[in-house]
Amino acid sequence: MARRLTAALLLAGLLLALTGQGAAEEDLLQEQTWAIAGKLACPVCAGQSVKDSGAELAVQMRAAIAEQLRRGRSEAEVIEFMVERYGEEILLDPPKSGTQLWVWIGPVAIVAAGLAIAASRFEFFRPGRRRQPD
């Protein structure tokens, strides 16, 4: 009788441990899914991420992200998979290289050029026009 009770308790403890581990893995998967979904724009929602959108497509995209993670793919691989499916427009943080680089450099260059033009208009900055002390 004591053996059966001990075996039953060990089995119950093992099942609880496995269930707890499965729940922890599912929580980690959910966190990773939400993190990736927060980096992708919903294709059918204006200005919303896949994480924040309640649209049917966003729900399907979150499920696809979770499925990719279950298959052992990394975050970068999942994002690449989604970009292949929906295009680079879904990236909320577009790459800062190639033609996309002008989106980041352009405004800074325009402001710098404007400041240089404005500074050249002021007499103080013209090299040959400084007043000599009396």
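The values are calculated or read from the model by the stated rules, or taken from the named source; none is laboratory data. In this text the structure is predicted, and so the values were computed from the model without any measurement. Because the Cβ atoms are built from the backbone with ideal geometry, glycine has one as well, and the counts that use them run over all protein chains shown.
The table for this structure:
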{"item": "Test: residue in the range 65-81 that is assigned to a loop (DSSP other than H, G, I, E, B) and either more than 21 Å from residue 30 (Cβ to Cβ) or basic (Lys, Arg) (or both)", "result": "yes"}
{"item": "Members of the range 27-61 found to be loosely packed, with under 15 Cβ neighbours inside 10 Å, small (Gly, Ala, Ser) and either assigned to a helix (DSSP H, G or I) or under 13 Å from the mean Cα position of the chain (by Cα) (or both), listed by number", "result": "35, 38"}
{"item": "Qualifying residue in the range 67-84 (condition: at pLDDT below 90, of a type in the set (Gly, Ala, Ser) and exposed (fewer than 12 other Cβ atoms within 10 Å of the Cβ))", "result": "no"}
